[in-house]
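Please read the structure below before turning to the comments.
The values are calculated or read from the model by the stated rules, or taken from the named source; none is laboratory data. Predicted model only: the values in this text are computed from it and were never measured. Here Cβ is always computed from backbone atoms with ideal geometry, including for glycine, and neighbour counts include all displayed protein chains.
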Amino acid sequence: MTDIEPRKSESLAPTSWDYAPAPESRDVVTLRERYGHFVAGDWLEPSETYTTISPSSEEPLAVIGQATAEEVDVAVGAAREAFANGWSALPGSERAKYLFRIARILQERSREFAVLESLNGGKPIKESRDVDLPLAAAHFFYYAGWADKLEYAFPNRAPRPIGVAGQIIPWNFPLLMLAWKIAPALAAGNTVVLKPAETTPLSALLFCDVVRQAELPPGVVNIVTGDGSTGAAIVTHEDVDKIAFTGSTEVGKAIQRELAGTGKKLTLELGGKAANVIFDDAALDQAVEGIVNGIYFNQGHVCCAGSRLLVQESIYEQLISKLKRRLSTLRVGDPLDKNTDVGAINSKMQLEKIEELVAAGKEEGAEIYQPPCTLPEKGYWFVPTVFTNVAQSYRIAQEEIFGPVLSVLTFRTPDEAVEKANNTMYGLSAGVWTEKGSRILWMAERLRAGVVWANTYNRFDPTSPFGGYRESGFGREGGRHGLEPYLRFE
Ligand code: NDP
């Protein structure tokens, strides 16, 4: 037998396996230089404007309208006219056709929308491509199915549309939140005036193209862009019959105060500080994936993010060391790179808020862990962070950080886990990881949260209602429940 000759070449087998860049092409999206408001099926030239940017490069993307109260009034007028002149009287089966059409067009144009969403919002393309877009289309498909079955959804209650819905959405899931709002409203026979968030208007503006392509009657969907003052003008407009708001608890409370006594319908989907509870019998590697998905998905800009990790004491060391190892494999960077796990923080303001709360966490005595990570020079970025040694009273255990920052606490018994999980002013979501089905049910009964995920996290489906308790708001979106806020009953 001959001896194996040793390798002489200098080029040794690779010692590390770095990912090559895999950028998605930007060419699939054509941006205009300037956008107006979409009113009565046409573009309304705005009287005031601002510039929207890409948070990953700070590059200006387009000039956007900043709607004044007068412009909001024109949009509401268009919605009222469309409601009165045909849309509300259209048979449900006809409304369904439009919604099916919108759903199909979103699917067909999903790559274009996904690129735009990542460009304007900073989220990784693999998330906008694999989560935001499929779910947005699924919402339209789902509610298209209900449009001609409202009598069956609410038997013996004679459901009728309400009128004009004012809808105000945040920047974390721009197109998906639009779908959550517009699909049930239209299925129920209402018309809408929707305002996207100031920092992420572009996918809503591209959606106007879809509305036209689907030949939706003019005025059924109106989109006005602008900052909080535009939102406030929608809220206070006399001819708006219902407000649907997703955003911060602070603004939600202000809207509730404003609407008290007006008779307008209101649903609020606000903040959260969810507990993700890991029992010692859980499949730990799967739980680690669930923890990562729970808090680092969409840079932690998720109202139902699992931002408080509750770990049973007996597995604490093991779990935290697995989690830290997993964190070091997360790739932070260009949102348009298909390998990116964590993209850019949505805005400078949000980055400053995260930095302030992280500084408070250090100050209060929590121990910080951040994996080695090179951040791009331009844009807004934050390294995925874990805080251990966190007390329940710390700000990082109480306040919504809305960033890639996890606060870890421990517990010994199921009762203690429930007590700690419920020790929050919010009540939007929670996660439970255990092998025992009986324990899942026991926990789900006691956790005060609108959604409880078991052995998974951040899983959404249009058929499943979503919403919170206490300071997380009220009303449900998704499922049959999601139709109710858009209906009155005779
Ligand atoms: P806001 O609640 O201010 O924004 C949500 C939407 O409401 C946006 O379209 C916003 O416009 C609009 N708005 C703002 N002020 C008013 C008003 N007075 N009347 C009517 N509409 C208004 O959230 P922020 O973007 O300021 O984020 C702040 C914090 O809120 C975050 O750090 C996070 O903690 C939390 N948040 C929670 C969300 C959730 O899904 N639960 C979503 C977003 C934020 P504009 O974009 O111009 O401000």
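The residues of the range 260-292 that are touching a Pro at 6+ places or on another chain (Cβ under 8 Å), away from the ligand (no atom under 15 Å from the Cβ) and more than 23 Å from LEU327 (Cα to Cα) amount to a single one, LYS265. With respect to being at positive phi, modelled with pLDDT of 95 or more and either within 12 Å of the ligand (Cβ to nearest atom) or surrounded by fewer than 24 Cβ atoms within 10 Å (Cβ to Cβ) (or both), GLY231 falls outside the description. If you scan the range 236-254, which residues turn out to be within 10 Å of the ligand (Cβ to nearest atom), crowded, with 21+ Cβ neighbours inside 10 Å and not small (Gly, Ala, Ser)? Correct list: ILE243, PHE245, THR246.
Checked against (1) more than 16 Å from the ligand (Cβ to nearest atom); (2) of a type outside the set (S, T, N, Q); (3) touching a residue at least 40 places away in the same chain (Cβ under 8 Å), LYS322 passes all but condition (3). Elements of the type strands (runs of 3 or more DSSP E) sitting completely within the range 373-490 and holding at least 3 residues that are within 16 Å of the ligand (Cβ to nearest atom) and either small (Gly, Ala, Ser) or touching a residue at least 40 places away in the same chain (Cβ under 8 Å) (or both): these cover 405-411. So in the range 165-190, with the set limited to residues that are closer than 13 Å to TYR98 by Cβ and in a helix (DSSP H, G or I), which one is nearest to the ligand (Cβ to nearest atom)? If we take residues in the range 165-190 being closer than 13 Å to TYR98 by Cβ and in a helix (DSSP H, G or I), then ILE182 is nearest to the ligand (Cβ to nearest atom). Being within 16 Å of the ligand (Cβ to nearest atom) and among the charged types (D, E, K, R) is a property that holds for LYS123. Among strands (runs of 3 or more DSSP E) entirely within the range 192-308, having at least 1 residues that are in contact with a Leu (Cβ under 8 Å, 6 or more places away or on another chain) and of a type in the set (Phe, Trp, Tyr) singles out 242-246. If you filter the range 135-149 down to residues that are surrounded by fewer than 21 Cβ atoms within 10 Å (Cβ to Cβ) and of a type in the set (A, V, I, L, M), you find that the one that is farthest from the ligand (Cβ to nearest atom) is ALA138.
Within the span defined as the range 327-347, every residue fails to be within 30 Å of ILE234 (Cα to Cα) and without any contact (Cβ under 8 Å) to a residue 12 or more places away in the chain.
Contact map, the range 215-237: residues that are without any contact (Cβ under 8 Å) to a residue 12 or more places away in the chain and closer than 19 Å to ASP42 by Cβ paired with residues that are of a type in the set (Asp, Glu) and near the ligand (Cβ under 9 Å from one of its atoms), Cβ distance under 7 Å, separation 6+ or inter-chain. No pairs are found. Checked against (1) surrounded by fewer than 16 Cβ atoms within 10 Å (Cβ to Cβ); (2) part of a helix (DSSP H, G or I), ILE102 passes all but condition (1).
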